[in-house]
Every structure is written in structure tokens, then in C-alpha cells.
Amino acid sequence: MGMIVVGETVIDDDVLNASFCCDLEVCKGACCYLPGGRGAPLEDAEVEEIRRALPHIRAYLPERSLRTIRSTGMVEGQPGDYATVCVNERECAFAYFEDGIARCAFERAYNEGKIRWRKPLSCHLFPIRIRRFGREFMRYEEIDECRGGRERGARDQIRLYDFLRTPLARKYGDHWFQSFLDLAQRNGGSASC
């Protein structure tokens, strides 16, 4: 496993080489209800975004989620290590189900123009995960639940980083993404989207 560096971010080669495109019909939004008890990792500033968004998304949330939020709060953790709360140590409290598919209440409110913040960056970037150990390390998290996304990406020839172009630019900026794309092309990655 090799690494490349763009700016101050160390990137696992798998991010360059993986094919991926979410297939909700196959996975049913599984990333919103993975077992484990801890929700989506949050940047510290996102705690305030969640607080501001909550009045606009309440109507989308099932009662079990609202009960959890009332009893435990919206987030858990401490500065530098926040996460969304989960219902029954599984589904994100901000997920709702539509036609059997887990969906994000924040993203729905964003798409409807009710809020300006789309959703937690860690959700937007998934299945890329970023960890900080002095500097940022980016890796591709390959989980069984995303098999359909890998198959669709391979079938449609969509690189993981092309699928995640918008959240990568959201995290690092357009200039960083263009530098990343240039490096990917020099290393044999496809730049088509």
C-alpha cells in the first residue's frame, strides 16, 4: 500500500485506484445505520450546524429518533471527537427511511432550500475517511455494505475520487482538488466523471 501527498494531506493509493458510485437500490443507505453505536464523525464547527438545522429537519425524523435526541442530545463526544448520536446503537438519529432506503434529513432540508449546510462532511465523503495524526491521512474504507457501489463504479468506470469530487472540493477547496486530479492523472487514474 503506497501513499501520495497533496498539500498537507497524505492519501492512501486506494483512493486513487478504487472504482465507486453509490447504489442505494442495493445498499439501502446502509452507511446511515451501521452497527457499532457511534454515529458520523463530526468536525467541531458542525455541532453548531446541527443545532441550527434541527428545527428544520424535525418533521422528517421518526419518533424514535426524536426521543433519542431529547434523551441523549444531538451529538456525543468532546471537542475534536464529536459524532452524531445513534438510535439503539445503530442508525443515525438524523436518518429517515423512504421506500426502505435510509436517507439523510439534513440533505433533504438542504435540497429543499431550508438550510445552507448539506450534511456532516464525514457522511458526504464516505467511503473516504480522514483521520488526523499531526497531519491528515485519507483512506478508502471498503465495507461489505458498499459492494453494490464498488460493482456500479467498476461497471460504469467511475473512480472513487470522481464520485466524491464535490465533497473533496468542499473539504479542501477547488485548487486542492485540481492538484489532486493532476496527480491522479499522472499516476494513471482516470479523470472522467
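What follows draws every value from the coordinates through simple rules; no lab data is involved. What you see is a predicted model, and the numbers here were worked out from it, not measured in a lab. Counting neighbours? That spans all protein chains shown, and the Cβs are built from the backbone with ideal geometry, glycine included.
Structural remarks
- Rounded to 10°, Cα long-axis angle of helix 147-156 versus longest principal axis of the chain: 40 degrees
- Once the Cα gyration tensor of the chain is diagonalised, semi-axes √(5λ) in Å: 29, 19, 15
- Principal-axis tilt of helix 44-57 within the chain, Cα atoms, nearest 10 degrees: 50 degrees
- Around the Cα centre of the chain, unit charges on the Cβ atoms of Lys, Arg, Asp and Glu (plus for the first two, minus for the last two) sum to a dipole of about 440 debye.
- Taken over the Cα atoms of region 30-117, the convex hull encloses 91 Å³ per residue.
- Sparse-neighbourhood loop sites, trypsin sites (Lys or Arg not before Pro) in region 64-102 - DSSP loop, at most 16 other Cβ within 10 angstrom: R90
- Only Lys, Arg (+1) and Asp, Glu (-1) charged, at Cβ; region 30-117 dipole about Cα centre in debye: 340 debye
- Unit charges at the beta carbon, dipole of the chain: most positive-side option, Q78, F133, C21: Q78
- Full extension of the chain between D44 and R58 yields a length gain of 2.9 nm, computed as 0.36 nm times the residue separation minus the alpha carbon distance.
- In this rough spin-label picture, where each label sits 7 Å from Cα along the Cβ direction, the L34-E151 distance is 2.0 nm.
- Of the three principal axes defined by the Cα atoms of region 110-170, the extents in descending order read 36, 35, 20 Å.
- Whole-Hz Karplus values for region 73-85 come out as x, 7, 9, 10, x, 9, x, x, 8, 7, 8, 5, 7 Hz, taken residue by residue from phi with 6.51 cos²θ - 1.76 cosθ + 1.60 and θ = phi - 60°; glycine and proline positions read x.
- Of the residues A105, W176, C146, the one whose Cα sits farthest toward the positive end of the charge dipole of the chain, with +1 on the Cβ of Lys and Arg and -1 on the Cβ of Asp and Glu, is A105.
- Of the GluC sites (Glu not before Pro) in region 141-173, those whose Cβ has at most 15 other Cβ within 10 Å and which sit in DSSP loop: E141, E142
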